[in-house]
């Protein structure tokens, strides 16, 4: 297992993960990252807002391994016009 850290960066600031999670591989870290983004966005929607400009940085120790924009965690369908 590898310990991955998930740092959130969005319009309200940066939230640096000091604990991390032990996961089997980078694919599992990506899955966790997308689930975390969706949880943040769900909370925003319940407050009546949605900010897709943020991103989640995944680190292995001090090494960046993934950066996932919030917008990539959703399939967004908007009305025409």
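Values in this text are rule-based calculations from the coordinates and carry no lab data. Only a predicted model underlies this, so the values are computations on that prediction, with no experimental measurement involved. Counting neighbours? That spans all protein chains shown, and the Cβs are built from the backbone with ideal geometry, glycine included.
Some points to look at:
- Going by neighbour counts of Cβ atoms within 10 Å, the residues 15, 23 line up, fewest first, as 15, 23.
- Across the chain, the mean sequence separation of Cα contacts (distance under 8 Å, 6 or more residues apart), normalised by length, yields a relative contact order of 33 percent.
- The chain: angle of helix 26-46 to the longest principal axis, Cα-based, in degrees nearest 10: 40 degrees
- Note on the chain: helix-only mean residue ellipticity at 222 nm, from DSSP H runs of 4+ residues weighted -39500 (n - 2.57) and normalised by residue number, equals -9000 deg cm²/dmol.
- The alpha carbon gyration tensor of the chain gives principal lengths a ≥ b ≥ c with a/c of 1.5 or higher and a/b greater than b/c, which makes the shape prolate.
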